[in-house]
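Student: Encoded as structure tokens, here's the structure I'll be asking about.
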Amino acid sequence: MNAVTTEAAQAPANTGAAQERGEFVRISEPEPGIWVLRLNRPEAMNSWNARMRAELAEAMEEVAMSEARVVLVRGDAKAFSAGEDVRGMAGLTQGGTKKFRAVARQIHSAFDLIEAIEVPFIAVIEGVAAGGGMELALSCDFRIAGRNARLGLPEGNVGLIPGSGGCSRLVRCVGAARAKQVVMLEGVMKAERANELGLLTQLVDAGQEMEAAMEMARKLAAKAPLALGMAKLVINTCADVDLETGRRLERIGQSVLKKSADHAEGAQSFIEKRKPNWTGT
């Protein structure tokens, strides 16, 4: 991917710039503060194997300790990800339920990190996002898909259920009634249908997915990073707690941000009618 000039001048120089590396999960930084995690197993439609799962977990740990302002997760024009590689599933079954659960925990850990890291994640969906690929997209904060994309959770076709967040995150995303519809009835659906059901943040013409994602990323990178991270943390937590606990979390989050240098800079830049210079402190 070629680097392009950013309009988000507020993003600081990255002290730990992303480097293009990894066999199946490649990391790059096309613009300051904007990281791209590219799934790189195109011959298998970016389906998961053991090494790919390990590289994704390693990439999440790197993001967590980085100065990234926003992270894009993408595959290629043919597939975002087709989920778990069926060629390896027989071995998991033969290993017994204990081994299967251990592998599932590896997948859950990487997806949970995406949800926990206080940085916005954007899933850029081109082609197919099915099974575990759809569950990866659901763990992201925003989902942008091209009109020719196909998305869904087809595990029921092989006598299973979505087991890596496809039920639990889906309920939080679209509610119980629509979650049942997606899991039990829809299978793999066209992007327009997924958008109707509330699974997407933005639906764009095919070929425009990365352009739309970079536009969103620049908007996010230009905002106060501590505030964005706190908003993500509080909103995600509020989905699992009662209303009063949620309000307490809001007050705690706001009190922490009130002491930040970014809040002081934001207030001062508003008074001076200039763009703020966020430092993430």
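Student: List pairs: first residue in the stretch 149-173 and surrounded by fewer than 20 Cβ atoms within 10 Å (Cβ to Cβ), second residue among the basic types (K, R) and assigned to a helix (DSSP H, G or I) anywhere in the structure, Cβ distance under 6 angstrom, at least six positions apart or on different chains.
Tutor: Correct list of pairs: empty, since none qualify.
Student: Inspect the stretch 148-170 for any residue being of a type outside the set (F, W, Y), out of contact with any strand residue (DSSP E or B) (no Cβ under 9 Å at 6 or more places or on another chain), closer than 23 Å to V36 by Cβ and part of a helix (DSSP H, G or I) and give the result as yes or no.
Tutor: yes
Student: Moving on to the next point. Criterion first (out of contact with any Phe, Trp or Tyr (no Cβ under 9 Å at 6 or more places or on another chain), without any contact (Cβ under 8 Å) to a residue 24 or more places away in the chain and of a type in the set (S, T, N, Q)) does Q208 satisfy it?
Tutor: Working: out of contact with any Phe, Trp or Tyr (no Cβ under 9 Å at 6 or more places or on another chain): yes; without any contact (Cβ under 8 Å) to a residue 24 or more places away in the chain: no; of a type in the set (S, T, N, Q): yes.
Considered against the rule, which asks whether it is out of contact with any Phe, Trp or Tyr (no Cβ under 9 Å at 6 or more places or on another chain), without any contact (Cβ under 8 Å) to a residue 24 or more places away in the chain and of a type in the set (S, T, N, Q), Q208 comes out as no.
Student: Follow-up. Within the stretch 248-281, how many residues turn out to be closer than 23 Å to S66 by Cα and of a type in the set (D, E, K, R)?
Tutor: Of the residues in that region, 3 qualify.
Student: If you don't mind, there's one more thing I want to ask. Looking at M52, M60, M45, which is the one that is within 12 Å of the chain's Cα centre (by Cα), among the aliphatic types (A, V, I, L, M), modelled with pLDDT under 95 and surrounded by 15 or more Cβ atoms within 10 Å (Cβ to Cβ)? Give the derivation first.
Tutor: Details: M52 fails: within 12 Å of the chain's Cα centre (by Cα); M45 fails: within 12 Å of the chain's Cα centre (by Cα).
Within the list M52, M60, M45, the selection yields M60.
Student: Still on this structure, please answer the following. Pick out the one residue from A79, A68, A104 that is of a type in the set (A, V, I, L, M, F, W, C) and modelled with pLDDT under 85.
Tutor: On the way: A79 fails: modelled with pLDDT under 85; A68 fails: modelled with pLDDT under 85.
After applying the criteria, what remains is A104.
Student: Here are the criteria: (1) modelled with pLDDT of 90 or more; (2) out of contact with any helix residue (DSSP H, G or I) (no Cβ under 7 Å at 6 or more places or on another chain). Tell me which single one A149 does not satisfy.
Tutor: Checking A149 against (1) modelled with pLDDT of 90 or more; (2) out of contact with any helix residue (DSSP H, G or I) (no Cβ under 7 Å at 6 or more places or on another chain), the one that fails is (2).
Student: Moving to a separate point now. Does V183 satisfy being within 23 Å of H108 (Cβ to Cβ), among the β-branched types (V, I, T), under 20 Å from the mean Cα position of the chain (by Cα) and outside any loop (DSSP other than H, G, I, E, B)? Break it down stepwise before answering.
Tutor: Numbers: within 23 Å of H108 (Cβ to Cβ): yes; among the β-branched types (V, I, T): yes; under 20 Å from the mean Cα position of the chain (by Cα): no; outside any loop (DSSP other than H, G, I, E, B): yes.
Here the answer is no, as V183 does not meet what is asked.
Student: If you don't mind, another one. Here's a check for you: in the stretch 191-235, which residue that is of a type in the set (S, T, N, Q) and within 16 Å of the chain's Cα centre (by Cα) is nearest to E126 (Cα to Cα)? Quick ask: steps written out before the conclusion?
Tutor: Filtering the stretch 191-235 for residues of a type in the set (S, T, N, Q) gives 195, 201-202, 208.
After this cut, where a residue has to be within 16 Å of the chain's Cα centre (by Cα) as well, the list is 201-202.
Values: T201: 14, Q202: 13 Å.
The qualifying residue nearest to E126 (Cα to Cα) is Q202.
Student: Is there a residue in the stretch 187-202 that is farther than 21 Å from E67 by Cβ, assigned by TED's automatic domain parsing to the domain that holds V73, β-branched (V, I, T) and modelled with pLDDT under 95?
Tutor: Of all residues in the stretch 187-202, those farther than 21 Å from E67 by Cβ come to 187-202.
Of the ones still in play, those that are also assigned by TED's automatic domain parsing to the domain that holds V73 are 187-202.
Filter once more, keeping what is β-branched (V, I, T): 188, 201.
After this cut, where a residue has to be modelled with pLDDT under 95 as well, the list is 188.
Scanning the stretch 187-202 turns up at least one residue that is farther than 21 Å from E67 by Cβ, assigned by TED's automatic domain parsing to the domain that holds V73, β-branched (V, I, T) and modelled with pLDDT under 95.
Student: Tell me whether the stretch 108-131 contains one or more residues that are in contact with a Pro (Cβ under 9 Å, 6 or more places away or on another chain) and either in a strand (DSSP E or B) or crowded, with 23+ Cβ neighbours inside 10 Å (or both).
Tutor: Within the stretch 108-131, one or more residues are in contact with a Pro (Cβ under 9 Å, 6 or more places away or on another chain) and either in a strand (DSSP E or B) or crowded, with 23+ Cβ neighbours inside 10 Å (or both).
Student: Counting just the residues of the stretch 249-264 that are part of a helix (DSSP H, G or I) and charged (D, E, K, R), which one comes out surrounded by the most Cβ atoms within 10 Å (Cβ to Cβ)? Steps first, please.
Tutor: First pass over the stretch 249-264, keeping only residues part of a helix (DSSP H, G or I): 249-258, 261-264.
So of that shortlist, the ones also charged (D, E, K, R) come out as 250-251, 258, 262.
Values: E250: 15, R251: 11, K258: 9, D262: 19.
The qualifying residue surrounded by the most Cβ atoms within 10 Å (Cβ to Cβ) is D262.
Student: Specify which of the listed residues (A231, A267, A212) is assigned by TED's automatic domain parsing to the domain that holds R143, part of a helix (DSSP H, G or I) and either surrounded by fewer than 17 Cβ atoms within 10 Å (Cβ to Cβ) or not hydroxyl-bearing (S, T, Y) (or both).
Tutor: Values: A231 fails: assigned by TED's automatic domain parsing to the domain that holds R143; A267 fails: assigned by TED's automatic domain parsing to the domain that holds R143.
Sole residue among the options that is assigned by TED's automatic domain parsing to the domain that holds R143, part of a helix (DSSP H, G or I) and either surrounded by fewer than 17 Cβ atoms within 10 Å (Cβ to Cβ) or not hydroxyl-bearing (S, T, Y) (or both): A212.
The values are calculated or read from the model by the stated rules, or taken from the named source; none is laboratory data. Because the structure is predicted, anything quoted here is derived from the model rather than measured. Using ideal geometry, Cβ is built from the backbone for each residue, glycine included, and neighbour counts are taken over all protein chains shown.
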